[in-house]
1. Would you kindly state the longest site-free stretch of the chain, with sites defined as GluC sites (Glu not before Pro) in a DSSP loop (not H, G, I, E, B) surrounded by at most 11 other Cβ atoms within 10 Å?
2. If you filter the stretch 33-64 for trypsin sites (Lys or Arg not before Pro), then keep DSSP loop positions with at most 14 other Cβ within 10 Å, what is left?
3. Expressed as a whole number of Å, what is the distance separating the alpha-carbon centroids of the stretch 2-23 and the stretch 72-109?
4. Through the Karplus equation 6.51 cos²θ - 1.76 cosθ + 1.60, θ set to phi - 60°, convert the phi angles of the stretch 43-51 into ³J(HN,Hα) values in whole Hz; use x for Gly and Pro.
5. What part of the accessible area of the stretch 52-116, given as a whole %, is carbon or sulfur when the probe is 1.4 angstrom?
6. As an exercise, use a Förster radius of 41 Å and the Cβ-Cβ distance of T101 and Q13 to find the FRET efficiency, rounded to the nearest 0.05.
7. Applying 1/(1 + (r/R0)^6) with R0 = 22 Å to the Cβ-Cβ distance of S85 and T28, what FRET efficiency is obtained, to the nearest 0.05?
8. Provide the three semi-axes, in whole Å and in decreasing order, of the ellipsoid equivalent to the chain as defined by the square roots of 5 times the Cα gyration tensor eigenvalues.
Amino acid sequence: QVQLVESGGGLVQAGASLRLSCAASRFTFNDYVMGWFRQAPEKEREFVAADYWRDNIQYYADSVNGRFTIFRDSAKNTVYLQMNSLNAEDTAVYYCAAANTGRITDRASDYGYWGQGTQVTVSS
């Protein structure tokens, strides 16, 4: 059974940085597109970033482009989300997800596996 376990969330002040981690297991990690999504209170889940190792492609939502970086450590089967210059609008539960689409995607419906989420709260 595929497992995705996120960590690294927390409470920070505006302007600070955080790095989220997602440890993956029980599937061929580099065959999958790895994505990060987030959901703020009373809002729909939204795409944040994705990485597809086989095409060496990363893709970002406009709202985080230039501030967030997604990258993976294949030796550790872990994908990371480095978040810089955080602001209050980044407050949300962040989810790691895996998609076996063979192409990078920002559609939540393409991701068949999800982690449990980690809370990120940015105080202004």
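1. On the way: sites that count: E42, E44.
Result, exposed sites excluded: 45-124.
2. Values: sites: R38, K43, R45, R54; in loops: K43, R45.
Those that pass, being in a loop and sparsely packed, are K43.
3. 10
4. 10, 6, 5, 10, 5, 10, 7, 9, 9
5. Details: 1450 of 3400 Å².
With neighbouring chains kept in place, the figure for the stretch 52-116 is 43 percent.
6. Details: r = 37 Å, r/R0 = 0.90.
Efficiency for this residue pair is about 0.65.
7. On the way: r = 34 Å, r/R0 = 1.55.
For S85 and T28, the calculated efficiency is 0.05.
8. On the way: eigenvalues 103, 39, 37 Å².
Largest first, the chain gives 23, 14, 14 Å.
The values are calculated or read from the model by the stated rules, or taken from the named source; none is laboratory data. Keep in mind it's a predicted model, so treat the numbers as computed, not measured. Using ideal geometry, Cβ is built from the backbone for each residue, glycine included, and neighbour counts are taken over all protein chains shown. Quick note on the areas: whole protein, heavy atoms, side chains included, nothing else; ligands and nucleic acids left out. Shrake-Rupley method; radii C 1.70, N 1.55, O 1.52, S 1.80 Å.
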